[in-house]
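Here is the structure we will look at, set down as C-alpha cells.
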Amino acid sequence: MLNRVVASSAFRANLSKILKFIAKDSKTKATRFKNTLQKELESLPYMPLKYRKSIYFENETIRDFIYKGYCIPYLIDADNKRIILLDIIKWEER
C-alpha cells in the first residue's frame with residue numbers, strides 16, 4: 001500500500017487560483033470544495049488504480065482523478081510509496 005499523497009508545486013498553485021476564483025462568489029463554497037477534495041484525495045493510497053489511465057500522458061502509472069469537472073493527473077510512485085498530484089485543470093482547458 002502507498003503511504004501518502006504529495007502535492008506538486010503546480011498542483012498547489014493551480015488549486016490556490018481555483019479556490020480564489022470560487023471564493024469571489026462564496027468563501028463557504030471555496031472551503032467546502034477544498035475540504036471535500038482533500039477527503040477524496042486521502043482515499044487514493046488505498047485504491048490508486050481506481051481511476052482511468054491519463055489521457056494527457058502516455059504512462060500507465062499516471063491516472064486522471066476527476067472531481068467536479070476538474071481533472072487531477074497523479075503519478076503512482078510505487079518505489080517511494082507515494083502518490084504525486086501533478087496538476088489540477090478544468091477539463092475543457094486542455
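Bear in mind these aren't lab numbers, they're just calculated from the coordinates by the rules spelled out. Since we're looking at a predicted model, the values are computed, not measured. Please note: Cβ atoms are built from the backbone with ideal geometry, for glycine as well, and neighbour counts cover all protein chains shown.
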Binning every alpha carbon pair distance of the chain at 5 Å from zero, what are the percents per bin? 3, 13, 24, 27, 18, 10, 5, 1, 0
Between Glu60 and Thr28, what is the spin-label point distance in nm, taking each point 7 Å from the Cα along the Cα→C-beta axis? 4.8 nm
Could you grab the relative contact order for the stretch 38-94? Cα pairs under 8 Å, six or more apart, rounded to a whole percent. 24 percent
Once phi is turned into ³J(HN,Hα) by the Karplus curve 6.51 cos²θ - 1.76 cosθ + 1.60 with θ = phi - 60°, what whole-Hz value does each residue of the stretch 20-29 show in order, with x for glycine and proline? 5, 5, 5, 5, 4, 7, 7, 5, 5, 5
